[in-house]
Every structure is written in C-alpha cells, then in structure tokens.
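> Below you will find the structure I want to go over with you.
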Amino acid sequence: MPRNEPQRSCLSCRTVKEKKDLLRFVLAPDRTLVPDLQAKLPGRGAYTCPKKSCLREAAAKKQFARSFRGEVRSGTPDELVSLVAARMEERIAAYLALANKAGKVASGGDTVAELLTRRTPGIICIAADISPDIGEKVAYQAARAGVEYFTLFDKERLGALLGKALRSVVAVERGGFSETIRKELERYRNFFEGGTDAT
Ligand SMILES: [Zn+2]
C-alpha cells in the first residue's frame, strides 16, 4: 500500500494539500508566530498555501489565533507577509554565500559576461540596482545561453554575501547549489504570484 504523505489544510482557503506543499508556522513560547520555512521547528504547526494572498487573508481573519487557541503576536498581515518574504530572501542569500564558499561562484558584470561566452552557469543573480546597460547586456547574454537569471538584492548585499565590495552580478556554477537556489527562487516567485490583490 502506498504511504500517504501527511496532509493539512490552508487556514485561509481550506484547500487540503500535502504538508510539504504548504507554508508552516509554529508558535514561540511568547506566542510570537514564527514562519517555519524548512518545516523543522518543533511544536504543532498551522499552515497556509505558500502564497501571499492566502497568508495575508489568514492573518487578517485571525485564523492563526483560532488555530493556536489564543492571541498570537504576528504584527499586521502585511508585516507577516514581509517577514515571510524576507525569510525566503535570506534562504536564497544563504545558498549564494554557501555556493561562494564552495568556489562555485563568479561575480562582477564583466567577469560574468566573459564567462557566458565560454561556459553555461546554472543560474545568475542580477542586482536590482545594476546600471541599466550592464544589466541588459548580462540579461541578453544569459537569455541567449539559456541560463535562468533573476533580479534580487542590491549590489551592496550581493557583494557582502560574497565577502566582497559591491557586486552587480553573481553567477553560480551548474550543480547542486544552482538547483537549490532555483527551487528557493521558484517558491519565492510563487509566493507573490496572484498575490497582488490588496484586499
Ligand atoms: Zn490557501
């Protein structure tokens, strides 16, 4: 008999999904609501779809308080959404830093542009504040080479992740790190998808 994955329902839309396809939250001892992106924290969990819209709705309708039977400290619904987005960004940042420590990263607009003429990296991160001409050049070359690229963080944060000064572009070699970053990025994008409704 196939073993069924444990399922839970979204606090907002009530859709039942496998636990791994939902966002998990736990309650800290001081009743602060804690996003548990890796689904590893101890204690009972409450779940929403991994989407901004469901998360905001669940918070706005006090579903976390209902689920945890009492007040929870989570700030406003928008603050909770921002917190989860920030945690997702932190994970992407952490994997970029790890890939760098493992020697799997090339950085800098010119270096990456040059690299793209010779090799195909797994994924490229472009700083949001890159100068438009370099940004367009790298994006064009990446698209032509069939390399996925995304825009996140600013030059200062990208540089800091690598222990360097400002960095406008970071390329991660094809392999385990680039695949993990791709998955984290996909989750991050899906979180915002269809979630622009302010109501
Ligand atoms: Zn939902």
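Read the figures in this text as sums done on the coordinates, not as results from a lab. Quantities reported herein were computed from a predicted structural model and do not represent experimental measurements. Neighbour counts are summed over all protein chains in view; Cβ atoms, including those assigned to glycine, are modelled from backbone coordinates with ideal geometry.
> Tell me the angle of helix 77-101 to the major Cα principal axis of the chain, expressed in degrees between 0 and 90 and rounded to the nearest ten.
40
> Further, regarding this structure: Over 20 Å between Cα atoms: which of Lys61/Lys183; Lys19/Lys183; Lys20/Lys40 fall into that group?
Where the Cα-Cα span goes over 20 Å, the pairs concerned are Lys61/Lys183.
> Students often forget the sequence filter, so: which lysines lie under 20 Å Cα-Cα from Lys62 once same-chain residues fewer than 8 apart are removed?
Answer for Lys62, where 20 Å is the Cα cut-off: Lys51, Lys52, listed by chain and number.
> On to the next question. Normalise the Debye intensity by I(0) for segment 86-192, one equal point scatterer per Cα, no solvent, then take log10 at q = 0.10, 0.18, 0.23 Å⁻¹ and round to two decimals.
Ignoring solvent entirely, the Cα scatterers give -0.23, -0.79, -1.34.
> Of Ala102, Ala127, Ala39, which is the most mobile in a GNM of the chain whose springs link Cα atoms less than 10 angstrom apart?
Top of the fluctuation ranking is Ala102.
> Give me the base-10 log of I(q)/I(0) for the chain at each q in 0.09, 0.18 Å⁻¹, Debye formula, one uniform scatterer per Cα, rounded to two decimals.
The calculated log intensity ratios at q = 0.09, 0.18 Å⁻¹ are -0.42, -1.11.
> Tell me the Rg and the Dmax, in Å, that the Cα atoms of segment 7-75 produce.
10.8, 29
> For Leu11, which sequence-distant residues (separation of 5 or more, or a different chain) have an amide H within less than 5 Å of its own amide H, given hydrogens modelled in the peptide plane?
Tyr47, Thr48, Cys49
> Taking the Cα centre of the chain as origin, sum charge times position over the Cβ atoms of Lys and Arg (+1) and Asp and Glu (-1), and report the length of that vector in debye to the nearest 20.
900
> Another question about this same structure. Round to the nearest 10 and give me the degree value, 0 to 90, for the angle of helix 132-145's Cα axis relative to the longest principal axis of the chain.
Result, in degrees: 90.
> OK, next. Please tell me the relative contact order of the chain in percent, rounded to the nearest whole number, where contacts are Cα pairs under 8 Å and at least six residues apart.
20
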